[in-house]
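Structure first, commentary second.
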Amino acid sequence: MAHGRDTLPEGPTEKCGVVGLSLSDRAAARPIYYSLYALQHRGQESAGIVTHDGFQQHSHVDMGLVGDAFSESDLEGLNGTTGIGHVRYPTAGSVDKSCAQPFTVSFKSGSLALSHNGNLVNADEIRDTLAEKGHAFTSDGDTEVIAHDLARNLLEGDLVRAVKATMGRIHGSYSLTIMHDDTVLGLRDPEGNRPLCLGKLEDGYVLASESAAIDTLGGELVRDVRPGELVLLDSDGSGYDSFQLVQQENTARCFFEHVYFARPDSRIDGTLVYQARRTLGRKLWEESGVDSDVVMPVPDSGRAFASGYAEAAQDDGADVEFAEGLMKNRYVGRTFIMPTQDERERAVRLKLNPIRSTIEGRSVTIIDDSIVRGTTSRQLVSLLRDAGADEVHVRIGAPPIIAPCYMGIDMATREELIASNRSVEDIRDEIGADSLSYLSIDAVAEALSSTRADLCLGCVTGQYPYDIDDEETDRPVERPLVTDSAPADD
Ligand code: SF4
């Protein structure tokens, strides 16, 4: 998705991280702030915290990284023992403060705040029906649509019924932390597309996109929030209630969370991300191992894949060294400002420097997690050849990305994706490698202890688990009819 900026994301970009916290007797703001730091990789555009002190909401949302968005006095002003937080890279909606989150709304029977990770595919339809009913919208984001729909349903039913009614109307991917007055809840879409987990602290409970945030607070992971489940935290931090609002036969978990987005030290849907990446690397060797003198990761994304690949090769008796042959300049961020194509072409040299003694006169296999546009891979191969490599083989720990993501990941357009209309051999030729192989979809499903039917594979098959305009689906699925109905009775 283009955002009208002169920046070039290196690869797919995660859009958001969410947190929710309920404590017995301690201000929630600071632990939320620390957990947002733990989720900073999920969004660097804006950060926000909303708390509730039993009487009113307190909110601070600003553009930039977590460390820049909050001052000491901002945190001190966020009173209350319950709250939610958000880090954001824009999905639906424009890049400005009006779309930064948590999104807040006050209505007749109380206040709401929402943090959303994901992307609705029918937000415009719902916005139109609500606008006809007199709801005024301040942003073009889909989170505001959920907030208004929920506020409307809360006028007619209790919290659980209202959430269920909203779930019946929204279609798309969402992991949400919501605060209704001083009650914090977590909600995961029926397909479980984006992650959300529940943790226990000494004096309360926490909901977060990834378990690394719970670790940061010294807490314990209780479990993942189940697809279609609403978890309601007691506002005194003493416990939680669970409501399985929707149950579907199959899930559609984003496999890219394990491959790329999530922190390696997070555990998602029962699998440690680091371990999943190592297993993917092992499978890569099993499927397409190639003889070479040295295996090296593209830092940092390819590291766990490469160690799994090299270990499997050595287990098979291959005489291959595992080495770091590319050193990363850590002070170049995830995106660089590079207005011209020529500058983009040279960007890799700003970011990576080869260690000539590891590479010169040797055949080299480099391992990465994905190829998006192909620009970086082409630059890397030429960097290694310039450093004296005899042969350069490229192995990728995921299937080719052939289609965009509509579920909240900035994956580039079909036109920009190098694999959307090229064979693997054509891509190999274009990046200048001696050989190129990707991992199969079945190997990915196996490594995640899942099946094709329970994963979202939209970006690698072009078939999606949601009903998206002008795209094919991979299962029988239809957008809900957006009617003007009141909350359901059951
Ligand atoms: S299309 Fe790809 S990146 Fe998007 S949710 Fe599905 S698996 Fe994840």
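Every number in this text was worked out from the coordinates using simple rules, so none of it is lab data. No experiment lies behind these values; they were computed from the predicted model shown. Neighbour counts run over all protein chains shown; Cβ positions are idealised from the backbone, glycine included.
In straight Cα distance, which lysines are under 30 Å from residue 200, not counting same-chain residues fewer than 8 positions off? Filter leaves 15, 164. Model label points for residue 41 and residue 247, set 7 angstrom from Cα along the Cα-to-Cβ axis, are 3.4 nm apart.
Ranked from highest to lowest mean number of other Cβ atoms within 10 Å per residue, what is the order of the peptides 269-282, 148-161?
Details: 269-282: 21.4, 148-161: 18.7.
Final packing ranking: 269-282, 148-161.
Using θ = phi - 60° in the Karplus curve 6.51 cos²θ - 1.76 cosθ + 1.60, the 3J(HN,Hα) couplings for the stretch 143-156 round to 5, 5, 5, 4, 4, 5, 5, 5, 4, 5, 5, 5, 6, 10 Hz; x is entered for Gly and Pro.
Compare the peptides 444-455, 363-374, 424-435 by average per-residue count of other Cβ atoms within 10 angstrom and give them in order, highest first.
On the way: 444-455: 18.2, 363-374: 23.2, 424-435: 16.5.
Peptide ranking by packing, descending: 363-374, 444-455, 424-435.
Once C-alpha pairs closer than 8 Å and six or more residues apart are averaged by separation and normalised to the residue number of the stretch 339-472, the relative contact order reads 23 percent.
Full extension of the segment from residue 481 to residue 287, taken as 0.36 nm per residue of separation minus the current Cα-Cα distance, would add 65.4 nm.
Out of all Cα-Cα pairs in the chain, roughly what percent, to the nearest whole number, are more than 28 Å apart?
For the chain, the share of Cα pairs beyond 28 Å comes to 52 percent.
Fully extending the segment from residue 416 to residue 56, taken as 0.36 nm per residue of separation minus the present Cα-Cα distance, adds 124.9 nm.
Each residue of the stretch 467-478 was assigned a 3J(HN,Hα) from its phi angle through the Karplus expression (A = 6.51, B = -1.76, C = 1.60, θ = phi - 60°), giving 7, 10, 3, 6, 10, 8, 9, 9, 7, x, 8, 9 Hz with x at Gly and Pro.
Neighbour counting of Cβ atoms within 10 Å sorts the residues 466, 309, fewest neighbours leading, into 466, 309.
With a Förster radius of 45 Å applied to the C-beta separation of residue 107 and residue 424, the computed FRET efficiency comes to 0.25. Peptide packing: for 49-56, 351-358, 19-26, the average count of neighbouring Cβ atoms within 10 Å per residue gives the ranking 19-26, 49-56, 351-358, highest mean first. Relative contact order (percent) for the stretch 7-252, with alpha-carbon contacts under 8 angstrom and 6 or more residues of separation? Computed value for the stretch 7-252: 21 percent relative contact order. Estimated from helices alone, the mean residue ellipticity of the chain at 222 nm is -7500 deg cm²/dmol (sum of -39500 (n - 2.57) over DSSP H runs with n ≥ 4, per residue). If R0 is taken as 25 Å, the Cβ-Cβ distance between residue 440 and residue 316 corresponds to a FRET efficiency of 0.85. In this simple spin-label model, placing a label point 7 Å from the Cα along the Cα-to-Cβ direction at both residue 300 and residue 74 gives a separation of 2.3 nm. For the stretch 196-270, the set of GluC sites (Glu not before Pro) satisfying both a DSSP loop assignment and a count of at most 13 other C-beta atoms within 10 Å is given as 202, 249. Which distance in Å, rounded to a whole number, links the C-alpha centroids of the stretch 394-415 and the stretch 43-76? Cα centres, the stretch 394-415 to the stretch 43-76: 32 Å. Across the chain, C-alpha contacts under 8 Å between residues 6 or more apart give a mean separation that, scaled by the residue count, equals a relative contact order of 15 percent. Beta bridges assigned by DSSP with both partners in the chain are antiparallel in approximately 80 percent of cases.
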